[in-house]
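Data block below; observations after.
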Amino acid sequence: MPAGRGWFASRVFFSNNEFTGQRHFRAIDPQHDNIKRPQQTTRPHDERGIMYTANRETRDRAIRCAQWLTADRIIPYSCIMLILFAALLIVWGIVTDGFTSDGTARPGVDFSVFWTASHLVLQGHAASAYDAPSFLQAELAHFGAYLRNQPLPWLYPPTMLLFISPVALVPFLPAYILFSAGSLLCYALAVSRLSGLRAHLPVPRAAALVMVAYSAVCLSALFGQNSILTAGVAALALHLLGKRPIAAGVLIGLLAIKPQLAAVFPFVLIATRAWRAFGAAAVTAALFAAAGVALTGTGALHGLSEAVSTVRTQHFMLPSYWLASPTPFAALRLAGASVPVALAAQAAIALLAIAAAIDVWRRTPDMRLRAAALSVATLLTTPYLWHYELTWLGITIFCLIAYGLDEGWLPGDQVVIVLAWMLPIFELLNRLMKLPQIGPVVLLAVLFVVVRRTAQRAPRES
């Protein structure tokens, strides 16, 4: 036994379950039964002994923290949230006469944009998606009453148009159900495997239920958004990165359907010299973009620039957007800051988040911490973010939960995770409450938790 570990370390060994709040002991090695407990000694600890003692003290502090976010409670918590969400949906349907009342939003309303764009592609009019009058006319023709004659614009690149082109092969309602179900399946399987949370649950098969119960996932599915699918693709790419880097790179390249959500990947791949994944992502994104332009024609690029201008106008000038966008830019604009000041602050925090993600990826090979850092850094980097895109934050939440169940909770970890879990609900309701934008504060707190856990882990891996 290395010098300095002490009598207690030589006699008793803990299982991994000690960090979930339940201590178990293994049998003592018979060959050490005659070892006497040493008295006080002045012999100096060697380097390994010091590291062991420091890590054991850190873990003991983590164990002593109040542990109310335990493996046994995660499933009941998730069931409660799903029941509340279902009750909300039922009440919503009742008070709006089956979602037919004027002035009320309807389930799947955002999916109508994707279905209309797909219908145009299948009819041979892909370029019309980037002609605003033509697109809005087509949308009203199919969903005028459903949208209360308030059509939504197409604000996506040609890669997204190529990606969703098969959607309108079936009518709207089954298409919405199939799209949502497929997205949920991808997200649940990918995040479950990436985080390893399934192994901690008393009922492993309930892992999918836990993933789906996350508030951002419920809201995104309700509105028919694509953020569940993009987050699922990102999680699957991270899961495959170590074993199948080419496949992981292809998946990363597919995120060209929403380029702002893939912005952090190149930095961490280059920092860790994951050249095969980086090359595969670059080639895939380039081919995907070329195929999208070939589908719509180069003339659609002008319409795309107009769509970007529309997004910029919403982003810069509409308080209703700032109330529901958890970005530093939105928070500062809501507080009265000018556009240049808000943009400067957004850029500074984006650089900080990218630097933190790079640092985490260099310090530890643990993919749970890497994925957690990348996901939250992605959300802090882009200035254009809606509440339903916080599905990406779910990657961070579930990876941190699995890590905490393995290693124990540090003070404040559980509170920050719960705040992150509730953030999508706050962002959704904040248009009514009109409270200050707290989203960036919560995201920065989550990033701090990831960096702190990585710094704690790094000495053990050195």
Original post:
From Leu84, Leu173, Leu136, Leu161, which residue is within 20 Å of Ala256 (Cα to Cα), part of a helix (DSSP H, G or I) and of a type outside the set (Lys, Arg)?
Top reply: Leu161
Original post:
Considering only residues of the range 74-106 that are modelled with pLDDT of 85 or more and in contact with a helix residue (DSSP H, G or I) (Cβ under 8 Å, 6 or more places away or on another chain), which is nearest to Ala168 (Cα to Cα)?
Top reply: Leu89
Original post:
Any idea which of (1) modelled with pLDDT under 95; (2) within 22 Å of the chain's Cα centre (by Cα) is the one Leu390 doesn't satisfy?
Top reply: (1)
**OP:** Return yes when Pro436 is at pLDDT 95 or above, in contact with a helix residue (DSSP H, G or I) (Cβ under 9 Å, 6 or more places away or on another chain) and exposed (fewer than 14 other Cβ atoms within 10 Å of the Cβ) and no when it is not.
**Re:** yes
Original post:
With respect to the numbered conditions (1) more than 30 Å from Arg362 (Cβ to Cβ); (2) not in a loop (DSSP other than H, G, I, E, B), which one is the sole condition not fulfilled by Thr298?
Top reply: (2)
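Check the range 262-275 and report whether any residue there is closer than 19 Å to Ser183 by Cβ and either of a type in the set (A, V, I, L, M, F, W, C) or out of contact with any Phe, Trp or Tyr (no Cβ under 6 Å at 6 or more places or on another chain) (or both).
In the first step, residues of the range 262-275 are kept if they are closer than 19 Å to Ser183 by Cβ; the result is 262.
Adding the requirement that they be either of a type in the set (A, V, I, L, M, F, W, C) or out of contact with any Phe, Trp or Tyr (no Cβ under 6 Å at 6 or more places or on another chain) (or both) leaves 262.
Yes, some residue in the range 262-275 is closer than 19 Å to Ser183 by Cβ and either of a type in the set (A, V, I, L, M, F, W, C) or out of contact with any Phe, Trp or Tyr (no Cβ under 6 Å at 6 or more places or on another chain) (or both).
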**OP:** Output yes when any residue across the range 362-375 is touching a Leu at 6+ places or on another chain (Cβ under 6 Å), of a type in the set (S, T, N, Q) and at pLDDT 95 or above, and no when none is.
**Re:** no
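Against the definition (touching a residue at least 40 places away in the same chain (Cβ under 8 Å), hydrophobic (A, V, I, L, M, F, W, C) and surrounded by fewer than 21 Cβ atoms within 10 Å (Cβ to Cβ)), how does Cys218 come out, yes or no? Before you say what the answer is, go through the steps one by one.
Values: touching a residue at least 40 places away in the same chain (Cβ under 8 Å): yes; hydrophobic (A, V, I, L, M, F, W, C): yes; surrounded by fewer than 21 Cβ atoms within 10 Å (Cβ to Cβ): no.
For Cys218, the condition - touching a residue at least 40 places away in the same chain (Cβ under 8 Å), hydrophobic (A, V, I, L, M, F, W, C) and surrounded by fewer than 21 Cβ atoms within 10 Å (Cβ to Cβ) - is not met.
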Original post:
Could you list, in sequence order, the residues of the range 133-156 that are at pLDDT below 85 and surrounded by 21 or more Cβ atoms within 10 Å (Cβ to Cβ)?
Top reply: Pro151
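Sort out which residues of the range 325-351 are touching a residue at least 24 places away in the same chain (Cβ under 8 Å) and surrounded by fewer than 17 Cβ atoms within 10 Å (Cβ to Cβ), and write them in order of number.
Looking only at the range 325-351, we keep the residues that are touching a residue at least 24 places away in the same chain (Cβ under 8 Å), and these are 325-331, 334-335, 343, 346, 349-350.
Listed by number, the list holds a single entry, Ala335.
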Original post:
Pairs, please: C-beta under 7 Å, at least 6 apart or cross-chain, first residue on the phi > 0 side of the Ramachandran plot and at pLDDT below 95 and in the range 398-425, second basic (Lys, Arg) and assigned to a helix (DSSP H, G or I)?
Top reply: Gly408/Arg59
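Restricting to the range 254-281, what's the tally of residues that are part of a helix (DSSP H, G or I) and within 21 Å of Leu155 (Cβ to Cβ)? Spell out the reasoning first.
Start the filter on the range 254-281 by keeping residues that are part of a helix (DSSP H, G or I), which leaves 254-257, 259-262, 265-271, 275-281.
Those left that are additionally within 21 Å of Leu155 (Cβ to Cβ): 254-257, 259-262.
Residues meeting the conditions: 8.
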Subject >> Search result, residues across the range 327-354 that are more than 24 Å from the chain's Cα centre (by Cα) and among the hydroxyl-bearing types (Ser, Thr, Tyr) >> reply: Ser338
Original post:
Any residue at all in the range 149-168 that is in contact with an Asp or Glu (Cβ under 6 Å, 6 or more places away or on another chain) and more than 26 Å from Ala420 (Cα to Cα)?
Top reply: yes
**OP:** Identify, by number, the condition in (1) touching an Asp or Glu at 6+ places or on another chain (Cβ under 6 Å); (2) surrounded by fewer than 21 Cβ atoms within 10 Å (Cβ to Cβ); (3) not hydrophobic (A, V, I, L, M, F, W, C) that His387 doesn't meet.
**Re:** (2)
**OP:** Name the single residue, out of those in the range 223-236 being outside any loop (DSSP other than H, G, I, E, B) and touching a Gly at 6+ places or on another chain (Cβ under 8 Å), that is surrounded by the most Cβ atoms within 10 Å (Cβ to Cβ).
**Re:** Ala231
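The values are calculated or read from the model by the stated rules, or taken from the named source; none is laboratory data. Bear in mind that the values here come from a model prediction, so they are computed numbers and not experimental data. Glycine gets a Cβ as well: all are built from the backbone with ideal geometry, and neighbour counts include every protein chain shown.
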